[in-house]
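Throughout, read-outs are computed from the coordinates displayed, never taken from laboratory work. Quantities reported herein were computed from a predicted structural model and do not represent experimental measurements. Don't worry about glycine lacking a Cβ; one is built from the backbone with ideal geometry, like all the others, and counts go over all protein chains shown.
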Amino acid sequence: MKRFIKKDKYWEGTVVVKNPQECLAAAITLDLRDAATKSAIRPAYFDDGYFFLMPGESKEIHFQVDIDKIVDAPILQIGGYNVKLQNILLKGK
């Protein structure tokens, strides 16, 4: 996680997703979830979704969510085919 900051009416974040495996990481998705309920936070806007990464490749993704949609610290969930599901707790500034 590179950053997660509060702007005027929204939260904005940047994350670098990397494929450390020796096989293709396919249909990678990112999702914001409420830490307490695990329910999806909508709407959340990401630069890209359902993307592929070759072995060793990485990609920087920017995302944004309305300030009133975040109740507590959200979780950034990263998943896909050949991708271990990851949950990253976001702590904003």
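Semi-axes of the equivalent ellipsoid for the range 3-89, please: Cα gyration tensor eigenvalues, times 5, square-rooted, ordered largest first, whole Å.
Equivalent-ellipsoid dimensions as semi-axes: 24, 13, 10 Å.
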The distance between the Cα centres of the range 52-73 and the range 1-30, in whole Å, is 3 Å
Subtracting the Cα-Cα distance of Leu85 and Lys7 from 0.36 nm times their residue separation yields 25.2 nm
Two pseudo-spin positions, 7 Å from Cα along C-beta at Gln21 and at Asp66, lie apart in nanometres by 3.6 nm
